């Protein structure tokens, strides 16, 4: 991996983001994270800088991005709260343009629809069911994706099924048009994202990955 000056990370206290942060720091990659709650449990590390604020606050996002070489988002919508992806993505894109950052890697679910998808019937049925339950959140994610598509960033959205936490790891399968499995280990997701930071292979695309 080529040296990375500093990574801006959103969603660092979630399941995916916390595992990714651990991997970044283990590889001695400087990180700056945006955290809403000052009481959030984050590791003490000389390469970790914490910005307290909200991804819905454009000023906070700008402070997060300043001086960084790439942006990774593992943001999710918390239960009982309004969707955040569209507004946060808008702030991220503007901030990246302002600070001259071009590389963005995000994490999203398998319900996201991308032109060229060939999801099997069972997956489409599950997607329909989930849209009936989480309609506003999933529409927000879809609209955020359209913003990314329209941008000039070198973006990648990694679509994942059920995320398994813990220290396990397994071979990773990747597909451009359907989910190749029902779950992914957090460690394997983190490693895949790290590989994308310097790899142009998935620029402008949304691969599915699974174990």
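Residue 169 - would you say it is farther than 24 Å from residue 6 by Cα, in contact with a strand residue (DSSP E or B) (Cβ under 6 Å, 6 or more places away or on another chain) and in contact (Cβ under 8 Å) with a residue 40 or more places away in the chain? Spelling it out, it is not the case that residue 169 is farther than 24 Å from residue 6 by Cα, in contact with a strand residue (DSSP E or B) (Cβ under 6 Å, 6 or more places away or on another chain) and in contact (Cβ under 8 Å) with a residue 40 or more places away in the chain.
Does residue 95 meet the test of being within 28 Å of residue 123 (Cα to Cα), outside any loop (DSSP other than H, G, I, E, B) and either at pLDDT 95 or above or in contact with a strand residue (DSSP E or B) (Cβ under 8 Å, 6 or more places away or on another chain) (or both)?
So residue 95 fails the test.
Among the criteria (1) within 16 Å of the chain's Cα centre (by Cα); (2) in contact (Cβ under 8 Å) with a residue 24 or more places away in the chain; (3) surrounded by fewer than 22 Cβ atoms within 10 Å (Cβ to Cβ), the one residue 78 does not fulfil is (2).
Kindly evaluate residue 100 against the criterion of being under 13 Å from residue 207 (Cα atoms), surrounded by fewer than 20 Cβ atoms within 10 Å (Cβ to Cβ), modelled with pLDDT of 95 or more and out of contact with any helix residue (DSSP H, G or I) (no Cβ under 8 Å at 6 or more places or on another chain). Answer is no for this residue.
The values are calculated or read from the model by the stated rules, or taken from the named source; none is laboratory data. None of the values given here were measured: they were computed from a predicted structure. Because the Cβ atoms are built from the backbone with ideal geometry, glycine has one as well, and the counts that use them run over all protein chains shown.
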